[in-house]
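**Student:** To start, I am sharing the structure in question, which I have written as structure tokens.
The values are calculated or read from the model by the stated rules, or taken from the named source; none is laboratory data. Predicted model only: the values in this text are computed from it and were never measured. Ideal geometry is used to build each Cβ from the backbone, glycine not excepted, and the neighbour counts take in all protein chains shown.
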Amino acid sequence: MKKSIKILNAVVLSFFLAGCFSTKAASKNPALDSSSHYTGPKAKVTVSDFELKTSGIYTPVSLSLKEYFITILNETRRFEIVSPQEADLIISVEVVEFIPESSGGKSGSGGGGSSARSFMGGLLGEVLNKANMQLRLRLIDKLSSNIISSRDIQSQAVENSGKKEAYTPHDKIFKTGLSEYADTPMGKVIHDCLQDAGRFTVQNIPQNYYKN
């Protein structure tokens, strides 16, 4: 009897382990590999010009945003950025909102601004400057024009005027095309938004687009 129980337990354990290994193998996708030394197949993509759907942003800035986004994609080593004629996928990006600075009220009941901003101002005792950006990202199959995946990506940063912080990393783009936003809340917003856009792209392109 004891021998039968041992055999049964061994069989159950083998099925359990087999299930674990099969699940791990099935979920393995080169696009989700977080290694910076990725050397697997690449997806051929083209990035459209950032379409401006809001005021407050000009063409030179949108071109710099596109350049920064392409840099982020290239750093993943998972994409070959090609012309629209050569691409299998089109990455379409719309700038839905671009607000470098929106001042809230001062602390206290007479501060003005929205109730949320006045409440926060009351807690901090300072004037708050708020930057905001929203992108609409779509991954489109070039051959069928079908949208594979889409997402609105938004980021916000608030600056306490009494406390100076370094908001942006030392990326080259913030020394050239986006220099006016270096070390500002908007610089942090741009960085966070485009990093999220790159992450979303990596995680949502199907494996069959990755080719040697």
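**Student:** Restricting to segment 173-212, what's the tally of residues that are surrounded by 21 or more Cβ atoms within 10 Å (Cβ to Cβ) and aromatic (Phe, Trp, Tyr)?
**Tutor:** 2
**Student:** If you don't mind, there's one more thing I want to ask. Being under 26 Å from Val61 (Cβ atoms), surrounded by 15 or more Cβ atoms within 10 Å (Cβ to Cβ) and modelled with pLDDT of 95 or more, is that true of even one residue in segment 139-147?
**Tutor:** Yes: segment 139-147 contains one or more residues that are under 26 Å from Val61 (Cβ atoms), surrounded by 15 or more Cβ atoms within 10 Å (Cβ to Cβ) and modelled with pLDDT of 95 or more.
Yes or no, residue by residue, for (1) touching a Pro at 6+ places or on another chain (Cβ under 6 Å); (2) modelled with pLDDT of 95 or more:
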site: Gln134; (1), (2): no, yes
site: Ser149; (1), (2): no, yes
site: Ala166; (1), (2): no, no
site: Val189; (1), (2): no, no
site: Lys211; (1), (2): yes, no
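**Student:** Please enumerate the residues belonging to segment 75-132 that are among the small types (Gly, Ala, Ser) and either at pLDDT 75 or above or within 30 Å of Lys44 (Cβ to Cβ) (or both).
**Tutor:** Selection gives Ser83, Ala87, Ser92, Ala131.
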